[in-house]
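The values are calculated or read from the model by the stated rules, or taken from the named source; none is laboratory data. Note that the coordinates shown come from a computational prediction; the quantities given were computed from them, not determined experimentally. Every residue, glycine as well, gets a Cβ built from its backbone with ideal geometry; the counts of neighbours run over all protein chains shown.
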Amino acid sequence: MMFLPFLVLAAGLLTVFYGRRRWALGCWAAGLLLLIVLFRVHATSVLNLGF
Amino acid sequence: MTQGLSLRLNAIGLLAIVAVLAFALGDQLLKKELPCPLCILQRVGFVLAGFGLALNLRFSPRPSHYALTLLGALFGGAVSIRQILLHIVPGSGAYGDAFLELHFYTWALIVFVLILLGTACMLLFDRQFDEGAHGAGPLTGLALLVFVLFVVLALGNGLSTFLECGVGLCPDNPIDYEFLKPLPRL
C-alpha cells in the first residue's frame, strides 16, 4: 500500500508530460492525501519527550 | 527575472531533488539498508515538492505550481520532524547509519527547509509570471532530461517500496524485502 503514492505521482508526471494539467493536479492531490493517511497510520506511538 | 531564467532555475531545483532521491535509493541498494515507513514518506514528500517544479517546466511558471512545491516540502518536513523527535532523546537510538554526522531524516528536514526557502525566493520575482504561458510546450534539453530522471526515480522508489512492503503497510523496522524472501519449502 505504501507504494501507491509513488505510483499515483508517477502517473501524474506522465499526464504532465502529455500536457494534461488538470489530471496532473488531481494526481498530486491524491498523492498528498495518501501521504497524510499513511503518516497517520504510522505515527501512532507517543513521543518520549519531557520538558 | 525572465521566464527563461526562471525555467532554468526550476530545472536546476528539480535536478537537486532528483539527486536527493537518487542518493537515497542508491544508499538503500548499495548498503542494503531498508528504508523505514517514515523514510519512505519523506521520499514521497520530495516527489510532491518536485512535482510543482515539473509543472513549471511543462506549463510555464505559475504561483499555483510553486504552492504545490511549498505544500509538498511542508508535509515532507513534518514527517522528518516526527522522525527526529522519535530519536531526539539521548539513548532512544536512531534509524540507519549517519551521513556526515547527521542521519538521513535530519538531512531530509534540512533539504525540505531549503526547498521552502528557495521556492519563497522564486515567488519574489513577478516578471516570470507576466509572460503568460510563453514558455509552455513539450520539454526539451535539460528540462526533458531532468524530468525523465524524476519519473524514473519516482517509479524506482515505488518499485523498491513494493518489493519491501508488498501490498500492505511496511513494518516499523523492516529487515528484509517482503517479495525477495525465498519461498518456504513444501
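Here are the numbers for the structure shown:
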| read-out | value |
| --- | --- |
| Filtered residue count, the stretch B:53-70, keeping only those that are part of a helix (DSSP H, G or I), buried (at least 20 other Cβ atoms within 10 Å of the Cβ) and either at the interface with another protein chain (Cβ under 7 Å from one of its Cβ atoms) or touching a residue at least 60 places away in the same chain (Cβ under 8 Å) (or both) | 5 |
| Options B:Ala120, B:Ala108: the member that is at pLDDT 90 or above and over 21 Å from B:Leu21 (Cα atoms) | B:Ala120 |
| Residue check for A:Gly19: under 22 Å from B:Tyr66 (Cα atoms) and not in a helix (DSSP H, G or I) | yes |
| Evaluation of B:Ile88 against (1) surrounded by 12 or more Cβ atoms within 10 Å (Cβ to Cβ); (2) closer than 22 Å to B:Gln28 by Cβ; (3) out of contact with any helix residue (DSSP H, G or I) (no Cβ under 8 Å at 6 or more places or on another chain) (one fails), failing number | (2) |
| Hits in the stretch B:28-45 - residues which are facing chain A (nearest Cβ under 10 Å), assigned to a helix (DSSP H, G or I) and not charged (D, E, K, R) | B:Pro37, B:Leu38, B:Ile40, B:Leu41, B:Gln42, B:Val44, B:Gly45 |
| Members of the stretch B:156-186 found to be assigned to a loop (DSSP other than H, G, I, E, B), within 12 Å of chain A (Cβ to nearest Cβ) and either touching a Lys or Arg at 6+ places or on another chain (Cβ under 9 Å) or among the β-branched types (Val, Ile, Thr) (or both), listed by number | B:Val167 |
| Residue list for the stretch B:81-97, filter: over 16 Å from A:Val46 (Cα atoms) and either in contact with a Lys or Arg (Cβ under 9 Å, 6 or more places away or on another chain) or touching a residue at least 40 places away in the same chain (Cβ under 8 Å) (or both) | B:Tyr95, B:Gly96, B:Asp97 |
| Hits in the stretch B:10-39 - residues which are modelled with pLDDT of 95 or more, crowded, with 24+ Cβ neighbours inside 10 Å and more than 17 Å from A:Trp28 (Cα to Cα) | B:Asn10 |
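Here's the yes/no breakdown for (1) surrounded by 15 or more Cβ atoms within 10 Å (Cβ to Cβ); (2) in a helix (DSSP H, G or I); (3) at pLDDT 95 or above; (4) at the interface with chain B (Cβ under 8 Å from one of its Cβ atoms):
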site: A:Met1; (1), (2), (3), (4): yes, no, no, yes
site: A:Val8; (1), (2), (3), (4): yes, yes, yes, no
site: A:Cys27; (1), (2), (3), (4): yes, yes, yes, no
site: A:Leu33; (1), (2), (3), (4): no, yes, yes, no
site: A:Leu38; (1), (2), (3), (4): yes, yes, no, yes
